[in-house]
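Here the structure comes first, spelled out in structure tokens, and everything after it is commentary.
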């Protein structure tokens, strides 16, 4: 088995989690009682722990476990003390060092000193790491620096330019990324990579640089190119040569097509224009398909090792569990696969730890339905006890007793995805505390997918992840409100319908729609977007969607059809707007936002449709 | 050691606010200028240790004043005070030799951090 493949995936993912962790911890320094921040930091540490344990990197897993414990303690205490932030950041630095060791295929460094807690700073020996250039002439060593600005920093390019100027005072600045000229053009973002020839030690440099204004995080390593090359590697993919040949051929065809269209225009030959456009549309579809192919990888890349992991996990607990896989040849976008590795692991662990008592089977099945990928993980274990979920939800203040009683079992299950929720009494290394489900739900949401949970006591539990095949190009439903077009990923839409006003029912003031045998509350998109209310159209256009596990009907002004769009991130500074997850440009040049329904309809201010609307 | 400061801003409110912050530190505000032209003239006369410079002002704007001051006195320590969203002006100012910048509304701690850092920097040029 090719472990290098997993190592690279593990490292890149762990580094992402680590960066997020740093961000959260730094945020907590400013706002020590921020519960969401504590939860998020907890989850990041938890994710690293899970991955490191399954890769067999014991020290990394132990350290992450320690950080997770710390966060858990702070969560219970309700806040993070200043000394806690220092301790956490020291731990994060150490964790970073461990990841470097793993990347360099060296044994993991010692963490006992840190865990003992007295003098937890990385010991001296780190500075004498083997990467130190050994040279007779005592050449001044080059340090590689990675500086991150706080997200709230103003004028980041100007700030980075000032930082670069400071660096020039500390030594010989041999290179920066982005380069100084790019910074002067204002092309800096919130990070600066630099190579500095200096007498100062990496730890001294870190100390100096982290005190600079707006700098949120600094990493300094001795040695010049190793990191650069490694990061370069992570950004490259292998492309089959026949695929490359295909691109060249398509480019040729596109050039011919352009000539054809130019001629047609000159001759005003509309028939030829039509033929040309038909050709063009075929070629674009072809190109789209093949470009996506480059990013596609079989699910196998993340499922290969799962059967062994499950068996080992089960054996540790004295259980006999078999994992069978089906449909792992299904191809998914790399971006999605990378996000998926972690949630899959959590789901399996849940099944091993809590689902199956002694002996059983877990079945992982993947298949494709139109432009969605479905992944199902089903076990034949004891199932989730809805009564236990009810009790726990009430105990944790997520539901009132009345709400809990009125919720149907199937709706109730979504509460196991709530941060900090768990029905398991004990805490084990790999799951427990309900954190896992939180990670799963968050990851699936982020990918624009949907998570379904079904469970029957004594029969088993079944999780279904419904995911888009690709993150960049998605099918969306366009809706209109007050003349504005907006889009929602089709994966989030259960169905659309148009109902006459008199088909709506009211429950108190709130309007509901009767559908099959349930009543579904109506929410107003206009209200959520703080647009002026106006009488509803008749028939009322409604989008049926699922928000935080509950079915809701969204009232819009108009349903404007489906379309395949290329989603781009929302640029600074409007990315701060709650409720958008991306934007796209339509054929006519209009910019349309992708709605993030979870963010838009926060539980505190649900914009219900009342009988007065 | 007392620090001699020149405040440049067209709003009396801002000048007063900055003056209060500096005087609380026991520093001396040696001059106030309402526009870039006055700023250049006062700088030549007073040679302050530090200048806080608004960007958008009548007569002569802060960027032009900065340019004139730093071309004549490369050691001048000028901190730009910009409004939110003037990233490009700030970037320009840094290239003209501004030592640092703060963004309004002025946060006292941050302003003092910026000023201390400039005053304590072991500047070769000074």
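A few comments on the model shown:
- Remark: spin-label model distance residue A:531-residue A:269 equals 4.6 nm, labels positioned 7 Å along the Cα→Cβ axis.
- Annotation: Cα Rg of segment A:531-610 relative to the compact-globule expectation 2.2 N^0.38 Å equals 1.22.
- Relative packing of A:583-596, A:144-157, which averages over residues the other C-beta atoms within 10 Å, highest first: A:144-157, A:583-596
- Interatomic Cα distance distribution for segment A:294-391, bins of 10 angstrom, percent: 15, 45, 28, 11, 1
- Among B:55-65, B:41-51, A:279-289, sorting by the average number of other beta carbon atoms lying within 10 angstrom of each residue, highest first, gives B:55-65, B:41-51, A:279-289.
- Per-residue [θ]222 nm for chain B (sum of -39500 (n - 2.57) over DSSP H runs n ≥ 4, rounded to 500): -14000 deg cm²/dmol
- As a length-normalised measure over Cα pairs under 8 Å and 6 or more apart, the relative contact order of segment B:4-120 settles at 21 percent.
- Added length on full extension, which subtracts the Cα-Cα distance from 0.36 nm per residue, residue A:282 to residue A:446: 55.9 nm
- Shape call, segment A:243-297: gyration tensor on alpha carbons, a/c limit 1.5: prolate
- Straightening the chain between residue A:494 and residue A:175 buys 109.6 nm, computed as 0.36 nm per residue apart minus the Cα-Cα spacing.
- In chain A, helical runs assigned H by DSSP with n ≥ 4 each contribute -39500 (n - 2.57); averaged across all residues and rounded to the nearest 500, the mean residue ellipticity at 222 nm is -13500 deg cm²/dmol.
- Counting Cβ atoms of other protein chains within 10 Å of each Cβ in A:149-159 and taking the mean gives 5.
- Neighbour counts of other Cβ atoms within 10 Å put A:484, A:452, A:66 in the fewest-to-most order A:484, A:452, A:66.
- Only Cα pairs under 8 Å and 6+ residues apart enter the sum, and on that basis the relative contact order of segment B:1-64 stands at 41 percent.
- Comparing B:20, B:100, B:109 in a Gaussian network model of chain B (Cα springs below 10 Å), the most mobile by mean-square fluctuation is B:109.
- Over the C-alpha trace of the protein assembly as shown, radius of gyration and Dmax come out as 29.9, 89 angstrom.
- For segment A:474-605: rounded, prolate or oblate by the Cα gyration tensor [a/c cutoff 1.5]: prolate
- Per-residue mean of C-beta atoms belonging to partner chains within 10 Å, peptide A:44-57: 0
- Beta bridges by DSSP in the protein assembly as shown, antiparallel share as percent, to the nearest 5: 75 percent
- Packing around the peptides A:399-411, A:299-311, A:37-49, taken as the average count of other Cβ atoms within 10 Å per residue, puts them in this order, highest first: A:37-49, A:299-311, A:399-411.
- Relative contact order %, chain A, counting alpha carbon pairs below 8 Å whose residues are six or more apart: 8 percent
- Using a Förster distance of 35 Å, the FRET efficiency for residue A:204-residue B:75 (Cβ separation, nearest 0.05): 0.80
Every read-out reported here was derived from the displayed coordinates using simple, explicitly stated rules and does not represent laboratory data. Keep in mind that this is a model prediction, so the values were computed, not measured. So basically every Cβ, Gly included, is an ideal-geometry build from the backbone, and we count neighbours across all protein chains shown.
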